[in-house]
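The values are calculated or read from the model by the stated rules, or taken from the named source; none is laboratory data. Note that the coordinates shown come from a computational prediction; the quantities given were computed from them, not determined experimentally. Counting neighbours? That spans all protein chains shown, and the Cβs are built from the backbone with ideal geometry, glycine included. Note: accessible area is taken over every heavy atom of the protein model, side chains too, but ligands, DNA and RNA are not part of it. Shrake-Rupley method; radii C 1.70, N 1.55, O 1.52, S 1.80 Å.
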Amino acid sequence: MTAFPRTATGFDATTASAAYRSALEVIGAVEPRVADAIGAELADQRSSLKLIASENYASPAVLLTMGNWFSDKYAEGTVGHRFYAGCQNVDTVEALAAEHARELFGAPHAYVQPHSGIDANLVAFWAVLAQRVELPALEKAGVRHVNDLTDEDWSTLRHALGDQRMLGMSLDAGGHLTHGFRPNISGKMFEQSSYGTDPSTGLLDYDVVRARAKEFRPLILMAGYSAFPRRINFATMREIADEVGATLIVDMAHFAGLVAGKVFSGDFDPVPHAHVVTSTSHKSLRGPRGGFVLAQPEFADAVDRGCPMVLGGPLPHVMAAKAVAFAEARRPEFADYAQRIVDNAAALAEGLKRRGVRLVTDGTDNHLVLLDVSSFGLTGRQAESALLDSGIVTNRNSVPADPNGAWYTSGVRIGTPALTTRGFGQAEFDRVAELIADVLGATTPTATSAGAPSQAKYTIADGVSDRTRSAAAELLAEHPLYPGLDLG
Ligand code: PLP
């Protein structure tokens with residue numbers, strides 16, 4: 001199956017080639033080295049086995065939407081309520097992006113201005129603070145904007161910071177640093193506590209989450225992850241939030257594509273259960289780099305105050321690209337793509353297990369698998385580097401209770417969204433599993449000068465890297481990226 005069928009994205013190789021050639025010619029006339037780097041990036045992406053769980057390949061339509069005059073426009077405010085003149089066209093694309101997002105996810109409200117996932121979370125945190133901490137001005141009808149908050153409101157908010165509590169998934173269980181991790185602002189805005197996963201199964205134990213929530217009484221219960229290979233039951237998380245009077249925020253940055261494609265439905269779809277849902281648009285959702293927030297009606301006004309509360313002027317060219325990406329995701333082909341992402345991840349997990357690789361939670365039911373490479377005597381860093389030497393791009397990641405800490409780690413995280421976009425199926429992912437297992441089995445840590453095994457250095461048995469590279473190249477040649485797209 002081709003990655004970008006014409007009917008799904010309007011991608012036509014001849015037209016797209018002409019568009020990119022012209023663009024590179026215009027860019028190259030000013031700074032040829034940038035034009036060259038753009039061409040080189042396409043060549044690199046075409047020739048590597050991209051298994052980074054948070055990356056994908058956006059369609060030419062999405063990418064081309066970002067290179068235009070919208071980039072020049074300031075549009076602080078919201079649709080129809082701007083602090084700059086002449087925003088009628090920005091209004092059109094922002095309203096379209098929000099409408100597509102609402103329809104795609106069945107959400108009552110969508111705010112598409114966040115520039116990234118971290119921004120989307122900041123918008124959500126401030127919205128919950130503004131909504132849940134009693135502010136005198138907000139009690140007045142018609143407060144629409146952060147500028148309407150009185151000094152008294154601000155003073156109340158300042159004092160609330162640090163006293164309010166957030167409970168999120170711990171980083172080593174797969175949570176994200178914006179979910180209350182100390183070096184991130186979320187860990188400074190809130191008194192923070194975390195829940196982990198069951199030490200024997202690696203799975204979430206909802207009774208443990210409930211007990212922790214009852215004890216800690218958070219204002220915000222965060223759910224969502226960057227490196228947890230399982231679905232979360234959001235109906236249960238909402239029950240827990242309700243039992244302790246918390247607001248449930250779900251960060252679906254990683255798995256938004258699976259929600260959009262209805263692979264995660266019912267109790268596993270965050271939208272009907274969470275008060276606020278945050279996301280990126282560029283991971284499994286395959287849109288432009290950016291963020292967005294979905295909210296239940298009671299949080300809608302507070303969410304819309306994201307700019308200027310924590311955001312500067314919105315990026316209209318990216319909002320336009322979000323509208324295009326969401327429109328693509330509303331097509332039936334996207335549901336098929338989402339299903340293939342999880343089917344492929346299951347095949348990858350099975351293939352790895354069959355070849356003796358230990359997986360955190362012993363498998364997956366989303367788009368990623370987390371390898372525990374300690375049984376190979378390797379750190380995550382060694383495994384990541386050895387795989388990269390062999391043409392396989394992954395990233396190292398902590399595993400629960402990781403003895404090697406967050407820098408060296410004991411894990412490698414791999415995901416299927418990008419290669420699924422290229423058209424890889426289960427047979428190809430089984431072959432990928434074979435290549436990964438071969439490289440890991442052929443890699444040994446070298447000794448430090450003191451004689452102990454190094455955490456960073458390693459050797460790979462002769463010939464294995466080259467053999468893997470050519471096997472990877474064969475797989476990639478069978479599934480070209482942007483087939484027919486030729487920069488000339
Ligand atoms: N939330 C989650 C769960 C993520 O995995 C990430 C990115 O890694 C983010 C938020 C932050 O997204 P961004 O890099 O766009 O700020």
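Taking chymotrypsin sites (Phe, Trp or Tyr not before Pro) as exposed when DSSP calls them loop (any state but H, G, I, E, B) and at most 15 other Cβ atoms lie within 10 Å, what is the longest stretch of the chain free of them, the sites themselves excluded? Here the longest segment lacking exposed loop sites spans 85-488. Relative contact order, percent, of the chain when contacts are C-alpha pairs under 8 Å separated by at least 6 residues? Computed value for the chain: 22 percent relative contact order. Between the beta carbons of ARG331 and ARG467, assuming R0 = 30 Å, the FRET efficiency works out to 0.15 to the nearest 0.05. Solvent exposure of segment 1-118 amounts to 51 Å² per residue of accessible area, where only protein heavy atoms count and the probe is 1.4 Å.
Computed about the Cα centre, the dipole magnitude for segment 333-477 is approximately 360 debye when only Lys and Arg (+1) and Asp and Glu (-1) carry charge, each at its Cβ. Within segment 55-74, which residues have the backbone N less than 20 Å from the label spot 7 Å out from THR92 along Cα→beta-carbon, could you tell me? Answer for segment 55-74: 61-74.
Solvent exposure of segment 333-477, expressed per residue, is 37 Å² of accessible area, with all protein chains present and a 1.4 angstrom probe.
Please work out the FRET efficiency for the pair ASP267 and GLN339, using the Cβ-Cβ distance as r and a Förster radius of 22 Å; give the result to the nearest 0.05. Plugging the Cβ-Cβ distance into 1/(1 + (r/R0)^6) gives 0.75.
Taking the alpha-carbon centroid of each part, what is the distance from segment 396-416 to segment 347-367 in angstrom? What the calculation gives is 15 Å, centre to centre. Counting only residues at least eight positions apart within a chain, or on another chain, the lysines with an alpha carbon under 17 Å from that of LYS50 are LYS283. Largest to smallest in accessible area, the residues LEU177, LEU387 fall in the order LEU177, LEU387 (1.4 Å probe, all protein chains included). Entry comment: accessible area of segment 151-193 is 47 Å² per residue, from protein heavy atoms only and a probe of 1.4 Å.
Each of LYS457 and GLU478 was given a label point 7 Å from its Cα along the Cα-to-Cβ line. The distance between the two points is 3.9 nm. Were the residues from TRP154 through ALA85 laid out at 0.36 nm apart, the gain over their Cα-Cα distance would be 22.0 nm. Mind jotting down the distance between the C-alpha centroids of segment 193-271 and segment 288-343, whole Å? Comparing the Cα centres of segment 288-343 and segment 193-271, I get a distance of 21 Å. When DSSP assigns beta bridges and you keep just the ones with both residues in the chain, what percent turn out antiparallel, to the nearest 5? That works out to approximately 60 percent antiparallel. Approximating the spin labels as points 7 Å out from Cα along Cα→Cβ, the THR201-to-GLN45 distance works out to 3.9 nm. The portion of the accessible surface of the chain made up by carbon and sulfur, rounded to a whole percent, is 52 (1.4 Å probe; DNA, RNA and ligands excluded).
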